[in-house]
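**Student:** One structure, pasted below without further comment.
Read-outs throughout are calculated quantities, based only on the coordinates presented, and are distinct from any laboratory measurement. Please read all numbers here as calculations on a predicted model, not as lab measurements. Here the Cβ positions follow ideal geometry from the backbone for every residue, glycine too, while neighbour counts run over all protein chains shown.
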Amino acid sequence: MNIRLKRKYLYYLNFKIKCAIGKKGLTKNKQEGDLKTPKGIFKLKKVFYRRDRIKFFKSRIKKYYIKKNIGWCDDPNSEHYNREIKFPFKGSAERFWRKDNIYDLIIILNYNFNPTIKNRGSAIFLHICKKNYEPTKGCIAINKKDMINLIINIKKNTKIII
């Protein structure tokens, strides 16, 4: 069973989960920095979590705890574009270790992988939303409780359909 995005809700099994999407909506032609969420069918690759903020949870997807030096390259000029990196890092990158809680729990979507195409968008995640479900820069965001319930219930071959 797959997760489906429809009108700012994720549907999975008997879950209906309110979500935030990119500030400028959805697109089939994602570009770096366009504030849009890419349309498509994507695998859920990895789960990252802050073990100092998130208690133990079961997951059928590989999970990794976030260290202070971990991030994701969003620099189209870097050979590490749209890949996990470690700080210090010379190019532009998203830090996973943040003061706010939006990256306390992250699912990496396999958007723009194999091959990675420069400027086609990077760092597309399912993560925790800001208050009032503020729009994202292109990710999908849900509340922490829903994220944990989703991760517990998804299977290794579950995909998200946007």
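**Student:** Would you please give the residues with an amide H less than 5 Å from that of D34, counting only those at least 5 places away or on a separate chain, with H modeled from the backbone geometry?
**Tutor:** The answer is none.
**Student:** Could you pull out the pairs from K30/K145; K46/K156; K16/K145; K39/K99; K18/K145; K8/K39 whose alpha carbons sit more than 18 Å apart here?
**Tutor:** Beyond 18 Å: K30/K145; K39/K99.
**Student:** Of the beta bridges DSSP finds with both residues in region 3-161, what % are antiparallel, to the nearest 5?
**Tutor:** Percentage antiparallel, nearest 5: 70.
**Student:** Along the three principal axes, how long is region 3-161 when you take its alpha carbons, biggest first, rounded to the nearest angstrom?
**Tutor:** 42, 35, 31
**Student:** OK, next. Normalising by the residue count of the chain, find the relative contact order in percent from Cα pairs under 8 Å and 6+ residues apart.
**Tutor:** Across the chain, relative contact order equals 32 percent.
**Student:** Give the cross-link partners of K62 among the aspartates and glutamates, using a straight C-alpha distance below 19 Å as the criterion and excluding same-chain residues fewer than 8 apart.
**Tutor:** Hits, sequence-local ones excluded: D52, E84, D104, D146.
**Student:** For Y64, list long-range residues whose amide hydrogen, built 1.01 Å from N in the peptide plane, is under 5 Å from its own amide hydrogen.
**Tutor:** For Y64, whose amide H was placed from the backbone, the distant partners under 5 Å are V47, F48, Y49.
**Student:** In nm, to one decimal, how far is the modelled label at L26 from the one at K39, with both set 7 Å along Cα→Cβ?
**Tutor:** 0.7 nm
**Student:** Go through region 42-58 residue by residue and turn each phi into a ³J(HN,Hα) via Karplus (6.51, -1.76, 1.60, θ = phi - 60°); whole Hz please, and just put x for glycine and proline.
**Tutor:** My calculation for region 42-58 gives 10, 6, 9, 7, 9, 10, 10, 8, 8, 6, 7, 10, 10, 6, 3, 8, 7 Hz in order.
**Student:** Can you tally the net charge around F87? Count Lys and Arg as +1, Asp and Glu as -1, for every other residue whose Cβ sits under 12 Å from the Cβ of F87.
**Tutor:** +3
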